[in-house]
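Before any comments, here is the structure.
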Amino acid sequence: MSHGRLIHHDLSSSTDLSQVPLGDLGAEFLRRLTAPVEHDSRKEFERHLHLLSRLHEVTGAVMDVPENRASIALAREQFRFVEHCWHKHAVPIAGAVHVDVGCGSVNPLARLFPHLMLGARRMIGIDLDLPTELESAARNLAQLAAAALMDPARIFGGYPVSRREVLANLDGFDLAKLQRGDQSGLDPARAMLLQRPIEATGLAAADVDVIVSNSVLEHLPHLDATLAEFARITRPGGFGIHGIDTLDHRWYGEPHVHPLEFLTLDTAEPIVFDCNRVRLVEYPQLFLRHGFEVVEYWVHRGAKVTPEFRARLQEPWRSMSDTELETTWANVLVRRR
């Protein structure tokens, strides 16, 4: 509507751009959006706004997938195993201290923010890398809060929580500030970000109820030092929830590489292509050595071992069974003994 008249905007392109890669189109589009724009007329300005509105609607739907680190879908996917652990094994959330080790530099508090909205007493993210894009990270937390307040089940599934309870659990947080990209909207008494090595967190002994990690343990050259620190800071009876990815990580960018290709290399280096090559079958004993018992595994078989590929493997992997080799991903719940 413009000056009382309904205007139909033609959003078709006069140029054939079908062969231009999407990445190139997006980069050029972003460049133009961030540069000063002059419009020939109010009608042209309205046409651009209408186009941006449609793009916002479409990209919002396309981007709500677990692969997008700022999506509601990812928050739901990450909480799925936590919900199961709470329901089946009484893993504490309300009133508990939760720590995310290796939380990353992008949206470093997003993984634990749903736990906080369910009443976790304190959330702590720990990583060596400094956070990047702080404004975007703050806005992402506001987006998670908005989604939970509108439809709690969208993130929490069957976890019993009402909108009123979510809002009460956010007391002390300034959501308007977070929406503006201002990190001062966080409640410092309940949300903390530490730049420290995870094998030396500096946290008090037996002060943590739940440690969470995702795709972290497979990158460590010295697992014993890290697990010893986990044991030190976890209270007796406390839990660890760990996602472990034992694929050769080159495969994510180079799908022609076999997912276990790094097991064919004859080297004594503890880290090969950023991973330690420890197999999932070895983790229960590692956890046990540091006072944790494995309560449950959710596993995924992400590789195929043919006789030809097995012949190329180095020991000890050549002597492992197909199941031990092909099981490459697990969500693991452990309890401090």
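The values are calculated or read from the model by the stated rules, or taken from the named source; none is laboratory data. These numbers come from a predicted model, not from an experiment. Here Cβ is always computed from backbone atoms with ideal geometry, including for glycine, and neighbour counts include all displayed protein chains. For accessibility, only protein heavy atoms count, side chains too; no ligands or nucleic acids. Shrake-Rupley method; radii C 1.70, N 1.55, O 1.52, S 1.80 Å.
Summary of values
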read-out	value
Given (1) closer than 23 Å to Val210 by Cβ; (2) in a loop (DSSP other than H, G, I, E, B); (3) touching a His at 6+ places or on another chain (Cβ under 9 Å), index of the condition His39 fails	(1)
Selected residue [part of a helix (DSSP H, G or I) and at pLDDT below 85] from Leu11, Leu51, Leu74	Leu51
Test result for Leu144, touching a strand residue (DSSP E or B) at 6+ places or on another chain (Cβ under 9 Å) and hydrophobic (A, V, I, L, M, F, W, C)	no
Number of the exception - Ser184 against (1) closer than 26 Å to Phe230 by Cα; (2) open to solvent by 30 Å² or more (accessible area, probe 1.4 Å); (3) among the hydroxyl-bearing types (Ser, Thr, Tyr)	(1)
Residues (closer than 15 Å to Leu186 by Cβ and in contact with a helix residue (DSSP H, G or I) (Cβ under 9 Å, 6 or more places away or on another chain)) located in segment 115-130	His115, Leu116, Met117, Ala120, Arg122, Met123
Subset of segment 187-201 [surrounded by fewer than 16 Cβ atoms within 10 Å (Cβ to Cβ), within 28 Å of Pro284 (Cβ to Cβ) and in contact with a strand residue (DSSP E or B) (Cβ under 8 Å, 6 or more places away or on another chain)]	Arg196
Among the residues listed as Phe81, Phe45, the single one being out of contact with any strand residue (DSSP E or B) (no Cβ under 8 Å at 6 or more places or on another chain) and either at pLDDT 85 or above or in a helix (DSSP H, G or I) (or both)	Phe45
Selection status of Ala120, assigned to a loop (DSSP other than H, G, I, E, B), open to solvent by less than 10 Å² (accessible area, probe 1.4 Å) and modelled with pLDDT of 95 or more	yes
Qualifying residue in segment 269-292 (condition: farther than 30 Å from Ala142 by Cα and in contact with a Cys (Cβ under 7 Å, 6 or more places away or on another chain))	no
Flag for Asn107 being surrounded by 23 or more Cβ atoms within 10 Å (Cβ to Cβ) and either polar (S, T, N, Q) or within 20 Å of Leu141 (Cβ to Cβ) (or both)	yes
Ile93 being in contact with a Lys or Arg (Cβ under 7 Å, 6 or more places away or on another chain), among the aliphatic types (A, V, I, L, M), within 23 Å of Glu165 (Cβ to Cβ) and open to solvent by less than 60 Å² (accessible area, probe 1.4 Å)	no
Members of segment 162-181 that are surrounded by fewer than 14 Cβ atoms within 10 Å (Cβ to Cβ) and among the small types (Gly, Ala, Ser)	Ser162, Ala168, Gly172, Ala176
Failed condition for Tyr159, given (1) surrounded by fewer than 13 Cβ atoms within 10 Å (Cβ to Cβ); (2) touching a residue at least 12 places away in the same chain (Cβ under 8 Å); (3) under 21 Å from Pro66 (Cα atoms)	(1)
Long-range neighbours under 9 Å by Cβ, at least six apart or interchain, first residue closer than 26 Å to Ser105 by Cβ within segment 54-69, second open to solvent by 70 Å² or more (accessible area, probe 1.4 Å) and among the charged types (D, E, K, R)	Pro66/Glu77
Positions within segment 197-213 being assigned to a loop (DSSP other than H, G, I, E, B) and within 19 Å of Ala110 (Cβ to Cβ), in sequence order	Ile198
Close pairs from segment 10-39: first surrounded by 10 or more Cβ atoms within 10 Å (Cβ to Cβ), partner modelled with pLDDT of 80 or more and not in a helix (DSSP H, G or I), Cβ under 8 Å, at least 6 apart	Leu25/Leu17
